[in-house]
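The values are calculated or read from the model by the stated rules, or taken from the named source; none is laboratory data. Note that the structure is predicted; figures quoted are calculated from it, not measured. As a convention, Cβ positions derive from the backbone with ideal geometry for all residues, glycine included, and neighbour counts pool all protein chains shown.
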Protein chains: 2
Amino acid sequence: MPLEIPEVVIDRLPIYRGLLSRIMDQGRTVISSHELGIELDVTPAQIRKDLSYFGRFGKQGKGYIVQDLLDELENILGLDRRWTAVVIGIGRLGRAVASYPGFEEEGFDIVACYDTSPDVIGTEINGIIVQSIDDLPNDLKTKSINIGIVTVSSEYAQKVTDLLINGGVTAILNYTPSRVQVPREVELRNINPVLFLQSMTYHLKKLFDEN
Amino acid sequence: MPLEIPEVVIDRLPIYRGLLSRIMDQGRTVISSHELGIELDVTPAQIRKDLSYFGRFGKQGKGYIVQDLLDELENILGLDRRWTAVVIGIGRLGRAVASYPGFEEEGFDIVACYDTSPDVIGTEINGIIVQSIDDLPNDLKTKSINIGIVTVSSEYAQKVTDLLINGGVTAILNYTPSRVQVPREVELRNINPVLFLQSMTYHLKKLFDEN
DNA sequence: AAGTGTGAACAAGTTCACAGCC
DNA sequence: GGCTGTGAACTTGTTCACACTT
């Protein structure tokens, strides 16, 4: 555990956790790295190595106690508590995001929504009244807000991101196709479906060219 | 070009292309790998190496002609033509996806939408009438459909994916939190915002624990 | 016997550094 | 002089293989 942990390992832990959670629901109590690997299509060694960065959670000759490993992963990832998020930009996407039940189910509470349009401010989504973006800086001071979800249109992405960061938010989920600049200590994840499509077409093209 | 090209390189090309497109709009005609690197926060060597897998596009002592490199990238990625996609599952997310203007702008035409609910079938999104999922297999035979976008609820993800693959679709964008199985030759990309949040909380937790 | 945990071997990916060219 | 293209060096990440534990 004194070791530097690769970021790719951190990114895989939520995947392991998701699978373990499903396995728990199925009522299984013990599982080996081999079986986990088959489900996820990764090598058992990968899973064991990844987990070894954090401790020794398995039972030799047996495997992992599903419940125990799940607890360990949730502890490591900080999923043994709830986190708060705000959604900024309540267009079609923002509305879909703000009302997605998966966030609450997984421990992420959307506590406020913001927009600039008077047509949208005051309307309700998922039990939350949409506020003016002008309220954001003050809300960031007075409420505890962990994560900013940015679903504004591209041109405001950087501005909104800066507002969040100035208000002390250190985790940003950017649904905008813009690449935003953040200080090194801020966690940023980008969701840009077009980039996925554009890497898939590389392979599609090859297929088409063959025939 | 006879070399095997790493998948990570393919994944970066759309990012380069996006930046070049922006730079074109700004009216710049020539740019160096160094300048591109600053914009994207990657090393110039990375960019030059990535491009070198596909050819020699730069001018020594000068840099890259923006227009030329953009054309090359679009050719490599197959973005010099339009592609067709269908959206399956017209809930809040499916509606947001189907009406997202970014797809059309970037050359991806949503040509049909499908759902199972009689309340949704027959309604219009973005000029397209939502059809019954029962129409999908036949449509896949008669129309040319390149990409399947899956926005159904989790439990139907695999079933819908199988329908698409049986109909000959070889590129799937899965917005579902379920991990679906596909044959090796099918391109699959998953969009699961919760996994992003869960890796960010690892870092948030560390921050909280320090103070 | 079965399956973990892990150093060592290997593979993949990134950066360096410089020859070559404009 | 400046910047590309690219082998070579290096770094990072993955897999192997086996000692060890139950």
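Here's the yes/no breakdown for (1) more than 9 Å from chain B (Cβ to nearest Cβ); (2) out of contact with any Ser or Thr (no Cβ under 8 Å at 6 or more places or on another chain):
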residue: A:GLU106; (1), (2): no, yes
residue: A:VAL130; (1), (2): yes, no
residue: A:THR142; (1), (2): yes, yes
residue: A:ASN166; (1), (2): yes, yes
residue: A:TYR175; (1), (2): no, no
residue: A:LEU197; (1), (2): no, yes
residue: A:LEU204; (1), (2): no, no
Checklist entry - Which pairs have Cβ atoms under 8 Å, sit 6 or more apart or on different chains, and link a residue in region A:56-70 that is under 16 Å from A:GLY27 (Cα atoms) to one that is assigned to a loop (DSSP other than H, G, I, E, B) and more than 16 Å from DNA strand D (Cβ to nearest atom)? => result A:VAL66/A:ARG28
Checklist entry - Taking region A:51-64 as the region of interest, how many residues are assigned to a helix (DSSP H, G or I) and within 22 Å of the chain's Cα centre (by Cα)? => result 1
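Here is a yes/no grid of residues against (1) out of contact with any strand residue (DSSP E or B) (no Cβ under 6 Å at 6 or more places or on another chain); (2) away from DNA strand D (no atom under 11 Å from the Cβ); (3) in a strand (DSSP E or B); (4) free of Cβ contacts under 8 Å to residues at least 40 places away in the same chain:
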{"residue": "A:ILE5", "(1), (2), (3), (4)": "yes, no, no, no"}
{"residue": "A:VAL8", "(1), (2), (3), (4)": "yes, no, no, yes"}
{"residue": "A:LEU13", "(1), (2), (3), (4)": "yes, yes, no, no"}
{"residue": "A:TYR16", "(1), (2), (3), (4)": "yes, yes, no, no"}
{"residue": "A:MET24", "(1), (2), (3), (4)": "yes, yes, no, no"}
{"residue": "A:GLY27", "(1), (2), (3), (4)": "yes, yes, no, yes"}
{"residue": "A:GLY37", "(1), (2), (3), (4)": "yes, no, no, yes"}
{"residue": "A:ALA45", "(1), (2), (3), (4)": "yes, no, no, yes"}
{"residue": "A:LYS49", "(1), (2), (3), (4)": "yes, no, no, yes"}
Checklist outcome for this item: Among B:SER199, B:SER132, the single one that is outside the structural domain of B:LEU93 (by TED's automatic domain parsing), free of Cβ contacts under 8 Å to residues at least 24 places away in the same chain, out of contact with any Phe, Trp or Tyr (no Cβ under 6 Å at 6 or more places or on another chain) and of a type in the set (Gly, Ala, Ser) is B:SER199
Next on the checklist: Considering only residues that are over 13 Å from the mean Cα position of the chain (by Cα) and touching a residue at least 24 places away in the same chain (Cβ under 8 Å), which ones fall in region B:98-109?
Outcome noted: B:ALA98, B:SER99
Checklist entry - Taking the stated definitions as given, is B:ILE121 of a type in the set (A, V, I, L, M), touching a helix residue (DSSP H, G or I) at 6+ places or on another chain (Cβ under 8 Å) and on the phi < 0 side of the Ramachandran plot? => result no
Next on the checklist: It is to be established whether one or more residues within region B:153-164 are at pLDDT 95 or above, in a loop (DSSP other than H, G, I, E, B) and more than 9 Å from chain A (Cβ to nearest Cβ).
Outcome noted: yes
Item to check | B:VAL186 being more than 16 Å from A:ARG189 (Cβ to Cβ), touching a strand residue (DSSP E or B) at 6+ places or on another chain (Cβ under 6 Å) and surrounded by fewer than 20 Cβ atoms within 10 Å (Cβ to Cβ) | outcome: no
Checklist outcome for this item: Residue hits (region B:83-97; more than 14 Å from the chain's Cα centre (by Cα), in a helix (DSSP H, G or I) and aliphatic (A, V, I, L, M)) are B:LEU93, B:ALA96
Checklist entry - Does B:THR43 count as surrounded by fewer than 17 Cβ atoms within 10 Å (Cβ to Cβ), modelled with pLDDT of 95 or more and more than 11 Å from DNA strand C (Cβ to nearest atom)? => result no
Checklist entry - So which residues in region A:58-72 are within 17 Å of A:ILE23 (Cα to Cα), surrounded by fewer than 19 Cβ atoms within 10 Å (Cβ to Cβ) and near DNA strand C (Cβ under 6 Å from one of its atoms)? => result A:LYS62, A:GLY63
Checklist entry - Quick check, is A:LEU136 buried (at least 19 other Cβ atoms within 10 Å of the Cβ) and either within 8 Å of chain B (Cβ to nearest Cβ) or among the basic types (Lys, Arg) (or both)? => result no
Item to check | Flag for A:PRO101 being assigned by TED's automatic domain parsing to the domain that holds A:ILE129 and either within 12 Å of DNA strand D (Cβ to nearest atom) or on the phi < 0 side of the Ramachandran plot (or both) | outcome: yes
Next on the checklist: Looking at B:LEU77, B:LEU69, can you tell me which residue is within 14 Å of chain A (Cβ to nearest Cβ) and either among the hydrophobic types (A, V, I, L, M, F, W, C) or in contact with a His (Cβ under 6 Å, 6 or more places away or on another chain) (or both)?
Outcome noted: B:LEU77
